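Novice: Just dropping this structure here.
None of the figures in this text is laboratory data; all of them are computed from the coordinates on show. From a predicted model like this one, the values you see are computed outputs, not experimental measurements. Methodologically, a virtual Cβ is constructed for each residue, glycine included, from the backbone with ideal geometry; neighbour enumeration extends over all protein chains shown.
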Amino acid sequence: MQVKLLSASLACAALLLAGCGDMNVKKYIPFTGDSPERSRVPTNATEYQCAGGKRLYVRTLDGGEAVWLILQERELRLERIGSSTRYSKGNTVLSLNGNEAGFADGTATPPYTGCKTGGGEPAAGK
């Protein structure tokens, strides 16, 4: 009885596996290098390229009343100062001017300088 059950199980397994003849297993294994590289730009954010190879990203919130500043080492929400294109929280200030951004965090030397977008108007402030 056990031999018949084992034979039937093996026959079923063989039939099931035969249907998988041209299955591409590589697409189910992560880190194989065959997948396209995903964008590193956060969704709905404007990328600014700065001096020294640094980048910062700005995502507009609440119809331009605030922005989400995304840096390599941290992320923070900055509120608009009046009706200007300057945003702040504490001693951190982000100024947007066309395709340029200025960022200061209260230190003597600004950590991000010469920040520009690759194209026209950034998303922030629209």
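Novice: Counting Lys and Arg as +1 and Asp and Glu as -1, what is the net charge of the other residues whose Cβ lies under 14 Å from the Cβ of Pro110? Each step should come with its number before you reach the end.
Specialist: Numbers: positive: Lys54; negative: Glu100, Asp105.
Residues close to Pro110 contribute a combined charge of -1.
Novice: Could you give each residue of segment 99-116 its phi-based ³J(HN,Hα) in whole Hz, using Karplus coefficients 6.51, -1.76, 1.60 with θ = phi - 60°, and x for Gly or Pro?
Specialist: 9, 10, 9, x, 9, 9, 10, x, 7, 4, 10, x, x, 10, 10, x, 7, 9
Novice: Per q in 0.11 1/Å, what log10 I(q)/I(0) does a Debye calculation on the alpha-carbon atoms of segment 46-116 return?
Specialist: -0.22
Novice: Could you work out the local net charge near Glu79, counting Lys and Arg as +1, Asp and Glu as -1, over the other residues with Cβ closer than 11 Å to its Cβ?
Specialist: On the way: positive: Arg77, Arg80, Arg86, Lys89; negative: Asp62, Glu65.
Summing Lys/Arg as +1 and Asp/Glu as -1 gives +2.
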